[in-house]
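S.K.: Below is one structure. I have some questions about it.
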């Protein structure tokens, strides 16, 4: 298939049909009506608006979202605003026939699924730039900027780009993904013109990459200095102090670059299709894990919490355990987290080996220091040696424990592993093991976990899977 | 036992008896007579002299040596001198009733054992300082300097120091030891006054240590700059450009410092006694090697050669194998060489483990480079992955071989291990193993090897052995 064919067929995947539009519009209409109605009874509300991809007409098929914003007077204190949006949002979602779910990003909002469409009821302050109070205050200006600047037809270019990113696993600003936000993809299309031009540019990116649509900065040196450490800097057209790409992880950025290169070299619909739905056999998992070494923490979640909170805890804990394993003397090849976001979670690590050598080299002080004699006396009774090599004293020290699972368990018990408080008790009473057998057993009933395991074992980003 | 008692009793160990003296003097007399007689027939000989510890009266009991020097006219070419000393030396040793053995240091000399005393017939050029032609030309001046400067009674202080160093395993400038030469110990006594004062100074040494008896240098900065990298700098009183301690290894120096500290803290005859002669049981070797990992090269020597040559080859090869093992991914805790100097030799390494993990992390290029795509394509078929982490691509690569002995064997076969030419063929057709069982079997008949093994396993310098 040539490039044009692929893009033509990809558009069919990402572009909503008239039926999709009608359904979304109907939900939006009802949501806005209810929002207007209920908020008129509430003190401090200055208006109601539709924001996000629905307002900008850049949403992609099967990912329709209605972001209903309730604008508040800046005089309302933050606590009051939060209380009011929780109350108002819950009533609106219930009014639409949905089940309200309280969500937290930097701020609380209320979510519900109506007719297959995610409806978010979000609060913002009615302020002029750059007098931002909350993180959502910029959103209406983002919507306005994109609507005003996107040329006729570029909406589909945005859709193609979002579809490509989603298919490659780099789309979404949530903590779980740390990828590209919808607004960021829109700015990329504005910067380069079309889906294909974005990919061609990205395939040639060398960090730091700078995109300053409104030319707020005169020199790139100034900009790089200001956003030091950011490989991708996309200046927010409505806020010169903000990098829209700040939350994109280095890994997601790199995956996007690699995917762009590979797509341009050999275009394929594969890049838009995301995870395949093929049947996963347990024997595949067993075969793939042969001769490899793992250690995992599998545990029950004690309370439901917003995904961004839970994923933040999981990612931080994953890092903490990784550091602990390395401190203990293991090499961590890779790590990953999984959760069904409700009941169970898993931190999984692939390590070089599951046992350390019984004896480790223990480096003592140089013989010239006073404590060399103390070292000798202490270790004469406890270790093998001591001997002198170069100007230092050494001994071989026996480890009382050599298995990765027991060593890690002990470190956790001692409080030496940086595991997030929010899941620490769960982890402690969970399962800590090396043998994937237990997980595979659990995976029998749990298709999602099974999928995670096979993907972890295959160790490839989605666009490289066969 | 207090310090005085220990020193009094140590002196009995190191000081020759009248009988010892008579025996040495008789051998010297006969050797000098023969040397005079034979050399008078040879063109270019300007004189004959006794040098070394016998001449200086600083030799220690059971280590008597007669160094007979034949002085040659500087006009004689080096090749001729070597030819003549080999011929002359052999005749003298035979004339004394001994079996001449050709030795090489930087130069050939002839050795024989007469009445239990080692007799060396050495050539030197009859030159004035600093017009040195060969390495032995300084020796007569060293002898003269020590005789002129050593005060009455200091000979015994030198003997105590030599005995202490010998007992602690740091005495001897030969390649096998890389320790302190006799001349160096004499200079130390001249510098500090007595055995005990030497030890007190040494216990407080902090490198670089500078001893410049003749005050040739005005500033220590100049001296340190000139002999950079040397932890111990002892300027030769008869040659300001030479560091008498240049050949002392860092390890031997450090052992001497540590032994001095420990002796002063708790004086004991142990420090003078050297290797104990207790019976070594095979079960001790088996017990001590439990839970530890080794790899060794055991081989037959194809030809006899001077010990310094053989030990040089062994040490360099030991280093070469160590580097190869580390390159392969093993940690080498310790290494050692053994040889009976005639038929067999051993290179022994203690390693962290005997197998590597089946999979190793293989780091690819950053995604931003052109070869990232090539890396992906290449490794898609061969490894596990590839995946992206940070800005790079990685895969897990399977090792086709994981055992240390097989990996090392292959590296040697490929010529990738820096083993000295002089023993390479022997090594290749020797035994390369991990299990000390084979060595222990051989050690049954070979007391010396058994001793080496137990000492290697105990991993302590001689002064720390119980």
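S.K.: Taking residue B:260 as the residue in question, decide whether it is closer than 28 Å to residue A:367 by Cβ, modelled with pLDDT of 95 or more and in contact with a strand residue (DSSP E or B) (Cβ under 8 Å, 6 or more places away or on another chain). Full working, then the answer.
M.R.: Numbers: closer than 28 Å to residue A:367 by Cβ: yes; modelled with pLDDT of 95 or more: yes; in contact with a strand residue (DSSP E or B) (Cβ under 8 Å, 6 or more places away or on another chain): no.
In short, no.
S.K.: Here are some residues: B:288, B:328, B:282. Which one is touching a residue at least 40 places away in the same chain (Cβ under 8 Å), within 9 Å of chain A (Cβ to nearest Cβ) and surrounded by fewer than 20 Cβ atoms within 10 Å (Cβ to Cβ)?
M.R.: Checking each option against the conditions leaves just B:288.
S.K.: Quick one: is residue A:320 assigned to a strand (DSSP E or B), under 44 Å from the mean Cα position of the chain (by Cα), in contact (Cβ under 8 Å) with a residue 60 or more places away in the chain and more than 8 Å from chain B (Cβ to nearest Cβ)?
M.R.: no
S.K.: Report the residue count in segment A:434-465 for those that are surrounded by fewer than 16 Cβ atoms within 10 Å (Cβ to Cβ) and in contact with a strand residue (DSSP E or B) (Cβ under 7 Å, 6 or more places away or on another chain).
M.R.: 1
S.K.: Within segment A:291-303, how many residues turn out to be away from every other protein chain (no Cβ under 14 Å) and surrounded by fewer than 16 Cβ atoms within 10 Å (Cβ to Cβ)?
M.R.: Let us first name the residues in segment A:291-303 that are away from every other protein chain (no Cβ under 14 Å), namely A:296-303.
Cutting the leftovers down to surrounded by fewer than 16 Cβ atoms within 10 Å (Cβ to Cβ) gives us A:300, A:302-303.
Residues meeting the conditions: 3.
S.K.: If the requirement is being in contact with a helix residue (DSSP H, G or I) (Cβ under 9 Å, 6 or more places away or on another chain), outside any helix (DSSP H, G or I) and not assigned by TED's automatic domain parsing to the domain that holds residue B:160, which of these qualifies: B:63, B:30?
M.R.: Details: B:30 fails: outside any helix (DSSP H, G or I).
It is B:63.
S.K.: Could I ask something else about it? How about segment B:75-170: which helices (runs of 4 or more DSSP H) wholly inside it have at least 2 residues that are at pLDDT 95 or above, buried (at least 20 other Cβ atoms within 10 Å of the Cβ) and assigned by TED's automatic domain parsing to the domain that holds residue B:46? Walk me through how you get there before you give the answer.
M.R.: Numbers: elements: B:78-95, B:139-149, B:154-168.
In segment B:75-170, B:78-95, B:139-149 are the helices (runs of 4 or more DSSP H) which contain 2 or more residues that are at pLDDT 95 or above, buried (at least 20 other Cβ atoms within 10 Å of the Cβ) and assigned by TED's automatic domain parsing to the domain that holds residue B:46.
S.K.: Which residue out of A:43, A:67 is crowded, with 22+ Cβ neighbours inside 10 Å and under 24 Å from residue A:86 (Cβ atoms)?
M.R.: Numbers: A:43 fails: crowded, with 22+ Cβ neighbours inside 10 Å.
Just one listed residue meets the conditions, A:67.
S.K.: Scan segment B:171-190 for residues that are over 30 Å from residue B:77 (Cβ atoms) and outside any helix (DSSP H, G or I) and jot them down.
M.R.: Scanning segment B:171-190 gives B:171, B:172, B:176, B:177, B:178, B:179, B:180.
S.K.: Can you pull out the residues in segment B:431-448 that are away from chain A (no Cβ under 14 Å) and closer than 22 Å to residue B:412 by Cβ? Can you show your working first?
M.R.: Going residue by residue through segment B:431-448, those that are away from chain A (no Cβ under 14 Å) are B:431-433, B:435-448.
Within segment B:431-448, B:431, B:432, B:433, B:435, B:436, B:437, B:438, B:439, B:442 qualify.
S.K.: Are any of the residues in segment A:191-209 free of Cβ contacts under 8 Å to residues at least 24 places away in the same chain, outside any loop (DSSP other than H, G, I, E, B) and crowded, with 19+ Cβ neighbours inside 10 Å?
M.R.: Checked against the condition, which is being free of Cβ contacts under 8 Å to residues at least 24 places away in the same chain, outside any loop (DSSP other than H, G, I, E, B) and crowded, with 19+ Cβ neighbours inside 10 Å, segment A:191-209 yields no hits at all.
For every residue, the table says whether it meets (1) more than 30 Å from residue A:372 (Cα to Cα); (2) at pLDDT 95 or above.
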position: B:408; (1), (2): yes, yes
position: B:411; (1), (2): yes, yes
position: B:417; (1), (2): yes, yes
position: B:426; (1), (2): yes, yes
position: B:442; (1), (2): yes, no
position: B:448; (1), (2): yes, no
position: B:453; (1), (2): no, no
position: B:464; (1), (2): no, no
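S.K.: Would you mind telling me which numbered condition in (1) buried (at least 17 other Cβ atoms within 10 Å of the Cβ); (2) modelled with pLDDT of 95 or more residue B:215 fails?
M.R.: Of the numbered conditions (1) buried (at least 17 other Cβ atoms within 10 Å of the Cβ); (2) modelled with pLDDT of 95 or more, the odd one out for residue B:215 is (1).
S.K.: Sticking with this one: Go through (1) within 22 Å of residue B:145 (Cβ to Cβ); (2) more than 14 Å from every other protein chain (Cβ to nearest Cβ); (3) in contact with a strand residue (DSSP E or B) (Cβ under 9 Å, 6 or more places away or on another chain) and name the single condition residue B:218 misses.
M.R.: (3)
S.K.: A further question on this structure: Assuming residue A:378 fulfils every condition listed in (1) more than 10 Å from chain B (Cβ to nearest Cβ); (2) in contact (Cβ under 8 Å) with a residue 24 or more places away in the chain; (3) over 30 Å from residue A:174 (Cβ atoms) apart from one, which condition is it?
M.R.: Against the list (1) more than 10 Å from chain B (Cβ to nearest Cβ); (2) in contact (Cβ under 8 Å) with a residue 24 or more places away in the chain; (3) over 30 Å from residue A:174 (Cβ atoms), residue A:378 comes up short only on (2).
S.K.: So, one more: Does residue A:397 satisfy the criteria of being loosely packed, with under 14 Cβ neighbours inside 10 Å, in contact (Cβ under 8 Å) with a residue 12 or more places away in the chain and not in a helix (DSSP H, G or I)?
M.R.: Spelling it out, it is not the case that residue A:397 is loosely packed, with under 14 Cβ neighbours inside 10 Å, in contact (Cβ under 8 Å) with a residue 12 or more places away in the chain and not in a helix (DSSP H, G or I).
S.K.: Being within 14 Å of another protein chain (Cβ to nearest Cβ), free of Cβ contacts under 8 Å to residues at least 40 places away in the same chain and in a loop (DSSP other than H, G, I, E, B) is true for just one of A:369, A:361. Which residue is that?
M.R.: Numbers: A:361 fails: in a loop (DSSP other than H, G, I, E, B).
Being within 14 Å of another protein chain (Cβ to nearest Cβ), free of Cβ contacts under 8 Å to residues at least 40 places away in the same chain and in a loop (DSSP other than H, G, I, E, B) holds for just one of A:369, A:361, which is A:369.
S.K.: Something else about it: Which condition number in (1) under 22 Å from the mean Cα position of the chain (by Cα); (2) assigned to a strand (DSSP E or B); (3) more than 10 Å from chain A (Cβ to nearest Cβ) is the one that residue B:334 fails?
M.R.: (3)
S.K.: Checking the conditions here, which among A:311, A:379 is closer than 30 Å to residue B:461 by Cβ and in contact with a strand residue (DSSP E or B) (Cβ under 9 Å, 6 or more places away or on another chain)? Before you say what the answer is, go through the steps one by one.
M.R.: Working: A:311 fails: closer than 30 Å to residue B:461 by Cβ.
One residue alone meets the criteria, A:379.
S.K.: What number goes with the only condition from (1) more than 11 Å from every other protein chain (Cβ to nearest Cβ); (2) free of Cβ contacts under 8 Å to residues at least 24 places away in the same chain that residue A:466 does not pass?
M.R.: (1)
S.K.: If the requirement is being touching a residue at least 24 places away in the same chain (Cβ under 8 Å), within 30 Å of residue A:143 (Cα to Cα) and surrounded by fewer than 20 Cβ atoms within 10 Å (Cβ to Cβ), which of these qualifies: A:267, A:231, A:306?
M.R.: Values: A:267 fails: within 30 Å of residue A:143 (Cα to Cα); A:231 fails: surrounded by fewer than 20 Cβ atoms within 10 Å (Cβ to Cβ).
Every option except A:306 fails the conditions.
S.K.: Out of (1) surrounded by 19 or more Cβ atoms within 10 Å (Cβ to Cβ); (2) in contact (Cβ under 8 Å) with a residue 40 or more places away in the chain; (3) assigned to a helix (DSSP H, G or I), what's the single condition that is false for residue A:9?
M.R.: Among (1) surrounded by 19 or more Cβ atoms within 10 Å (Cβ to Cβ); (2) in contact (Cβ under 8 Å) with a residue 40 or more places away in the chain; (3) assigned to a helix (DSSP H, G or I), residue A:9 violates only (1).
S.K.: Could I ask something else about it? For residue A:346, state whether it is more than 9 Å from chain B (Cβ to nearest Cβ) and more than 22 Å from residue B:205 (Cβ to Cβ).
M.R.: Working: more than 9 Å from chain B (Cβ to nearest Cβ): yes; more than 22 Å from residue B:205 (Cβ to Cβ): yes.
Yes; evaluated as a whole, the condition is true for this residue.
The values are calculated or read from the model by the stated rules, or taken from the named source; none is laboratory data. All values derive from a computational prediction rather than experimental measurement. Heads up, the Cβs are rebuilt from the backbone with ideal geometry, glycines too, and the neighbour counts pull from every protein chain shown.
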